[in-house]
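The structure under discussion appears below in the form of structure tokens.
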Amino acid sequence: MPSRPDSDGARHANQATVGALSRYFLRLGALGFGGPVALAGFMQRDLVEERGWISPQEYRDGLAIAQMAPGPLAAQLAMWLAFVRTGVRGATLASLAFVGPPFLMVVGLGWLYVGLGGAHWVGSLFYGIAPAAIAIIAVAAYRLLPLTVGRDPLLWAVAVAVGLITYFTQSEVALAFLAAGLLVVLIRVGPRRVARAVGGRLAGVAILSLLLPGGATDPGLLVGLGLFFLKAGAFVFGSGLAIVPFLHQGVVIEHGWLTEQQFLDAVAVGLITPGPVVITAAFIGFLVAGLPGALVGALGVFLPAYLFVVVPGRWILRHKNAVPVRAFVAGVSAAAAGAIVAASVILGQGAIRDAATAVIGVAALLAIVAVRRWRPPRLERLVEPLVVVVAGIAGVLLRGA
């Protein structure tokens, strides 16, 4: 049931109808560049400050949900804001509106990618895009580490350990994430309190996602894809880039659905399109099984976020300050940061092929850092897609069309 406007100021809550919110998120999904932090900032500016549809407290609660529960931050925040104002129906339509435009763009790019795969210029384009994508991931990892681990020695140890596991063993990262969260709970809370209700429920949610099959042994490729992306989506905490290590291990190492280069290209497509970065799943699904694969990939990766909003969202909100909950999320977030760093190194080894790609990668890195530092108006939220476009043009110029 939608919540009532609270005392700190949803000035025009009655105007936040299902249609109005759906139209807003449709526009944001089509034009929202800059990653999860930028998209969350747009929602605060537009829905809280300018329109007054959402109160500041409701927005803060949404951020808490997005950080505490599995799911890409921007998509989950959008779902929550629509849910508290218009209920399950509004959250459902707003989710489809927010994800719809980038999904259509990704499918269109996938169709061109597959249809023109034999053209030399396609390879040249992604020859330049791949190292630029690595630079974007590296910057995101650098910015994510201070936010997730700070100066906490325990969280640094978790991040380093999971990063090394990811890099050296290519093991099931989901298991490492779960172990990291439970380890921090054990150390900060103690074994006795872990057995209590809050810790038990939280661990149960994570374990349920681990029990989902990986996909290769399932009858039917679409079933396998759906289960794999559902499992991956259940372990995206905060930044959508946290899904990159899961996808790399699953689609390249474990199942062999894509080559290293195809996976790099898929990550680049997710970075160049607006909306949530995890829409990369739709591009991967398209490459593996066409349009049905794209639909299954998108549904699988976003379904956990949706379910955590409409089912246990209010429970999480009530217990957001509980020590076991905060400890578990801190451990998983640190693990995600370490895995992203390791993934950028692994993918960088495939993207940086020669001196030319090294120069493109360094140039992209310097450009992003410069824009983030000086923050020129209107350019900050567009820097990533612009860098990818320029890098693609550089690849074509270097290798020819």
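Ranked by the mean number of other Cβ atoms within 10 Å of their residues, highest first, the peptides 225-234, 39-48 come out as 225-234, 39-48.
Computed in the context of the full set of protein chains, the accessible area of region 44-176 at 1.4 Å probe radius has 69% of its extent on carbon or sulfur.
For G32, the amide hydrogen comes within under 5 Å of the amide hydrogens of G275, counting only partners 5 or more places away or on other chains and with H modelled in the peptide plane.
Once backbone amide H atoms are built at 1.01 Å from N, A10 has S55 as its partners under 5 Å, excluding neighbours fewer than 5 places away on the same chain.
Excluding ligands, DNA and RNA, the accessible surface per residue across region 276-356 is 32 Å² with a 1.4 Å probe.
Residues whose amide H falls under 5 Å from that of G71, counting only those 5 or more places apart or on a different chain, are V236, F237, G238, with hydrogens built in the peptide plane.
Accessible surface area normalised per residue over region 62-191 is 40 Å², counting heavy atoms of protein chains with a 1.4 Å rolling probe.
On region 221-302, 71 percent of the accessible area sits on carbon and sulfur atoms, based on a 1.4 Å probe.
The values are calculated or read from the model by the stated rules, or taken from the named source; none is laboratory data. Note that the coordinates shown come from a computational prediction; the quantities given were computed from them, not determined experimentally. Because the Cβ atoms are built from the backbone with ideal geometry, glycine has one as well, and the counts that use them run over all protein chains shown. With ligands, DNA and RNA removed, areas are computed over all heavy atoms of the protein, side chains included. Shrake-Rupley method; radii C 1.70, N 1.55, O 1.52, S 1.80 Å.
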